[in-house]
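Input: a single structure, listed below in structure tokens.
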Amino acid sequence: MCTGKCSLCIAISLYPLVLMSILCNTLLFFPGWSVKYVQEDHITQEVKYMGGIIGGGVLITAFYVHLIGERGCCGNRLGMFFSIVFAAVGVAGAVYSFIVALVGLSSGPLCFTDEGKWDTPFSNSDLSYVTNHATWTQCKEPKEVVQFNIGLFISLAVASVLQALLCAAQVINGIFGCICGTSCGGEA
């Protein structure tokens with residue numbers, strides 16, 4: 001497979017992951033499927049860092065990688081060099097998204113607790129709350145916010161790891177394309 005076709009495969013694989021990251025981050029703004037908590041500023045602080053939107057948005061550079069791939073074997077070395085730069089930016093965005101997702105998961109959700117105040121009751125739990133379902137009852141409002149945050153932050157973390165791996169593969173592919181050229185077999 002030539003480096004141009006590899007770029008095309010990588011870019012097409014990135015698109016659903018980018019959309020998933022942006023969607024996960026957007027949904028995290030609406031715990032309990034309500035705008036009420038956003039309006040009252042009762043959302044988890046890490047959601048405001050917009051890891052999925054910024055990290056996924058940076059990965060819109062997949063579009064450029066896609067264009068390089070569409071040129072197929074006729075792409076040039078300069079184009080492959082730029083795909084390395086964009087893929088490296090994509091890796092940085094994916095790492096940012098992963099870090100925000102991990103911090104959000106470790107802090108736990110902001111919720112109305114048994115004590116009658118808005119707090120993050122799991123911030124010192126070392127992620128033990130993720131598997132200890134009995135502790136989830138500490139959050140009274142929004143309804144099922146713990147499951148909501150766990151599911152979306154884990155999805156965001158998984159998507160960002162896959163994005164980073166694909167972008168790293170494109171960096172390697174781009175380096176190979178720059179050094180060896182992008183032509184396939186006997187084609188010019």
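The values are calculated or read from the model by the stated rules, or taken from the named source; none is laboratory data. Quick caveat, the model's predicted, so the values are computed rather than measured. Neighbour counts are summed over all protein chains in view; Cβ atoms, including those assigned to glycine, are modelled from backbone coordinates with ideal geometry. SASA here: full protein model, heavy atoms, side chains in, ligands and nucleic acids out. Shrake-Rupley method; radii C 1.70, N 1.55, O 1.52, S 1.80 Å.
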Within segment 58-73, is there a residue that is at pLDDT 70 or above and either in contact with a helix residue (DSSP H, G or I) (Cβ under 6 Å, 6 or more places away or on another chain) or not aliphatic (A, V, I, L, M) (or both)?
yes
Give the number of residues within segment 127-148 that are of a type outside the set (S, T, N, Q) and without any contact (Cβ under 8 Å) to a residue 12 or more places away in the chain.
3
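In segment 74-88, which residues are modelled with pLDDT under 80 and either under 28 Å from PHE153 (Cα atoms) or in a helix (DSSP H, G or I) (or both)?
CYS74, ARG77, LEU78, GLY79, MET80, PHE81, PHE82, SER83
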Being of a type in the set (D, E, K, R) and more than 16 Å from GLN45 (Cα to Cα) is the filter; apply it to segment 118-140 and report the residue that is surrounded by the fewest Cβ atoms within 10 Å (Cβ to Cβ).
ASP126
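Which of the following residues is open to solvent by less than 50 Å² (accessible area, probe 1.4 Å), over 11 Å from the mean Cα position of the chain (by Cα), under 30 Å from GLN147 (Cβ atoms) and at pLDDT below 90: GLY51, GLY32?
None of the other options fit; the residue is GLY32.
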Taking the criterion of being in contact with a Cys (Cβ under 7 Å, 6 or more places away or on another chain), modelled with pLDDT of 90 or more and part of a helix (DSSP H, G or I), would at least one residue in segment 162-173 satisfy it?
no
Scope segment 4-29; condition open to solvent by 50 Å² or more (accessible area, probe 1.4 Å) and of a type in the set (Val, Ile, Thr); matching residues
ILE12, ILE22, THR26
When segment 109-126 is checked residue by residue, the ones that are touching a residue at least 60 places away in the same chain (Cβ under 8 Å) and assigned to a loop (DSSP other than H, G, I, E, B) are PRO109, LEU110, THR120
The condition from (1) buried (at least 19 other Cβ atoms within 10 Å of the Cβ); (2) in a helix (DSSP H, G or I); (3) among the aromatic types (Phe, Trp, Tyr) that PHE176 misses is numbered (1)
For residues in segment 72-117 being surrounded by 20 or more Cβ atoms within 10 Å (Cβ to Cβ) and of a type in the set (Ser, Thr, Tyr), which is nearest to PHE30 (Cα to Cα)?
SER97
Residues that are in contact with a Leu (Cβ under 7 Å, 6 or more places away or on another chain), more than 18 Å from MET80 (Cα to Cα), in a helix (DSSP H, G or I) and of a type in the set (A, V, I, L, M), drawn from segment 1-49
LEU17, VAL18, LEU27, LEU28, VAL47
